[in-house]
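Please treat every number below as a calculation from the coordinates, not as lab data. Since this is a predicted model, take the numbers as computed values, not measurements. Backbone-built Cβ (ideal geometry, glycine too); neighbour counts: all protein chains shown.
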Amino acid sequence: MAVTVASLSESAAVAVPQRYRIAVIGGDGIGPEVIEQAIRAAEAAVRHQGGAALEWNRLPWSTAYYKKHGYMLPPDGWDLLRQHDAILFGAVGDPSVPDRVTVHELLLPMRRRFDQYVNLRPAYLFAGVSCPLVGKKPGDIDILVFRENTEGEYAPVGGRLYPETDQEVAVQTALFTRRGCERIMRAAFEAARRRPRKKVTSITKSNALVWGMGLWDAVFEQVRREYPDVASHSLLVDAAAMDLVRKPESFDVIVASNLFGDILTDLSAAVTGSIGLASSANLNPTRQYPSMFEPVHGSAPDIAGKGIANPLAAILSAGLMLDHLGLTAAATAIRQAVARVLAAGKVKTPDLGGSNTTTEMGDAVVRELES
């Protein structure tokens, strides 16, 4: 269950200040609701582990902000974010505004602008969580997915010609670079080296996407030779989707392109009980720019404002953030507190089969951290 992101830093030594400035973007839908619980948990963890203080800078950037001002973040927004040690992000997206505005003017540009090329998404089957797969025990599923986060299928390359005519044409270009493939693959292998099973699976579809995924495969063959101590193989994405349901315990570390990693981590969240448990880190390992931490689940407008969203994905994401900041003891305390709450089974949000509220789940985690 251990997930360590601090060791992904490319810096040999990092000066660790005692006060950390965290930019908070609650965003849309359930984002603000779950992020507040994540802040509470992070504060409790740091307070009881000592040695640091967290300074939260809450930024109002959201769909409501866009409707009022005409942009998702102000002209000096990127410069403002650079002044922080990390970014805690809730969710963005609202049915009233197209995703090409909400997502493509804030979330995706942030990942590229701050070169957050490692999207780390853990998937772990906790005790006390019902698995939809028969016969799986706690800990049987323990996967780290390394998703390439800045290029691939989500590169903003393409366009539309002759819109709203019979001759309309849409072009969407996937962009793969040797540098982009190499660095996400090396990050995956380095993580696998620190895990008991030491195994990396590369996800491909080069039998159909011969150029982009062909380069992906070629780079993987090169990088894997640098890690003879790590078992590695390549798997077609459709076979990987099948095996995540059929035998998820066969996976250890997965490395995948932007699109494939996005899709497969929704599936890995489902087989471990709920997307409400799926955390993620968007990492700039050089630390030249701030890294960003967010739950995988998105804004979930259908349940926004009802107070029933599961905050554990956001809380676990805050744990990844503390780990990245070098506050390892506090990060470990968060993961252990979440594990104890889930194992006890007394507090469950609706996605886990219960009826407790977002705040009640946050209260339970904080109690464990303070006990």
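Cβ-to-Cβ counts within 10 Å put Ser234, Ser279, Ser268 in ascending order as Ser234, Ser268, Ser279, the fewest first.
Charges were assigned to the Cβ only: +1 to each Lys and Arg, -1 to each Asp and Glu. The resulting dipole of region 142-271 about its Cα centre is roughly 740 debye. Near Ser280, the amide H atoms lying under 5 Å from its own belong to Glu294, Val296, Ser317; only residues 5 or more places off or on other chains count, and H is placed 1.01 Å from N. Assign one of three labels to region 204-295, namely rounded, prolate or oblate, based on the Cα gyration tensor with a ≥ b ≥ c the square roots of its eigenvalues; rounded applies when a/c is under 1.5, prolate when it is not and a/b is larger than b/c, and oblate otherwise. Here region 204-295 falls in the oblate category.
Rounded if a/c is under 1.5, else prolate if a/b is larger than b/c, else oblate: which is region 81-125, with a ≥ b ≥ c the root eigenvalues of its Cα gyration tensor? In terms of gyration-tensor shape, oblate. Listed values for region 142-151 are Karplus-derived 3J(HN,Hα) couplings in whole Hz (6.51 cos²θ - 1.76 cosθ + 1.60, θ = phi - 60°), namely 8, 10, 10, 9, 9, 9, 5, 10, 10, 9, and x replaces Gly and Pro. Panel values: region 142-271, Kirkwood radius from alpha carbon pairs, Stokes-Einstein at 37 °C and 0.692 mPa s, translational diffusion coefficient 212 µm²/s.
Karplus-derived 3J(HN,Hα) values for region 220-231, using 6.51 cos²θ - 1.76 cosθ + 1.60 with θ = phi - 60°, are 4, 4, 5, 5, 4, 5, 7, 10, x, 7, 10, 5 Hz; glycine and proline are entered as x.
Say a site is exposed when it is one of the GluC sites (Glu not before Pro), sits in a DSSP loop, and has at most 15 other Cβ atoms within 10 Å; what is then the longest site-free stretch of the chain?
It works out to 11-163.
Of the cross-linked pairs Lys199/Lys247; Lys137/Lys198; Lys137/Lys247; Lys136/Lys247, those separated by over 19 Å at the C-alpha level are Lys137/Lys198. Only the Cβ atoms of Lys and Arg (+1) and of Asp and Glu (-1) were treated as charged; on that basis the dipole of the chain about its Cα centre amounts to roughly 920 debye.
Within region 54-154, the proportion of C-alpha pairs whose separation exceeds 23 Å stands at 46%. Once you sort the root eigenvalues of the Cα gyration tensor of the chain as a ≥ b ≥ c, which label holds: rounded (a/c under 1.5), prolate (a/b larger than b/c) or oblate (the other case)? Rounded is the answer for the chain, as its axis ratio a/c remains below 1.5.
In straight-distance terms, cross-link reach from Lys306 covers every one of the aspartates and glutamates whose alpha-carbon lies under 12 Å from its own, apart from those fewer than eight places away in the same chain; here that gives Glu33. This ranking places Asp243, Asp351 by how few other beta-carbon atoms lie within 10 Å of each, fewest first, which gives Asp243, Asp351.
Taking the empirical scaling 2.2 N^0.38 Å for compact globular proteins as reference, region 276-318 has a Cα radius of gyration ratio of 1.37.
To make sure I understand, if each residue's beta carbon is the centre and we count other beta carbons within 10 Å, what order do Lys306, Lys199 fall in, fewest to most?
Lys306, Lys199
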